[in-house]
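Trainee: Let me give you the structure first, and then I'll get to my questions.
The values are calculated or read from the model by the stated rules, or taken from the named source; none is laboratory data. Nothing here was measured: the structure is a model prediction, and the numbers come from that model. All accessible areas refer to the heavy atoms of the entire protein, side chains included, with ligands and DNA or RNA removed. Shrake-Rupley method; radii C 1.70, N 1.55, O 1.52, S 1.80 Å.
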Amino acid sequence: MRHTMSLRRTLTAVLTTTLLAGGVLLGQTVTAEPAAAAKITCNIDKLRSDAHKERARAAQLRGLGAMAEARKAAARADALEHRAQQCQDAENNNRPPLWK
């Protein structure tokens, strides 16, 4: 009998703790601000200048014969250019119409 009482208390405590933790997490996710609502700013000129520096670095590495590193640098430059273009497009799409 004693073993079942301690086991029952332990299971009840574990179940209660789990339910409370789940309720707290559920409550936080409901009241949390959505990720899309967060204000994200990006410096388009800095992204483009960083991409230019990476392209120059890739060209220098290619000249030295380090092809793998040159490909990585070129890929980083492409990613920076892509991010700059995304920021530019987002900025253009969020402006109010001219006729209002």
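Trainee: Any chance you could look up the accessible area of GLU81 with a 1.4 Å probe, heavy atoms only, rounded to 10 Å²?
Mentor: Looks like 60 Å² after rounding.
Trainee: Figure the gain on full extension for ARG9 and LYS53 (residue separation times 0.36 nm, minus the Cα-Cα span) and round it to one decimal in nm.
Mentor: On the way: separation 44, 0.36 × 44 = 15.84 nm, distance 6.46 nm.
Difference between extended and current length: 9.4 nm.
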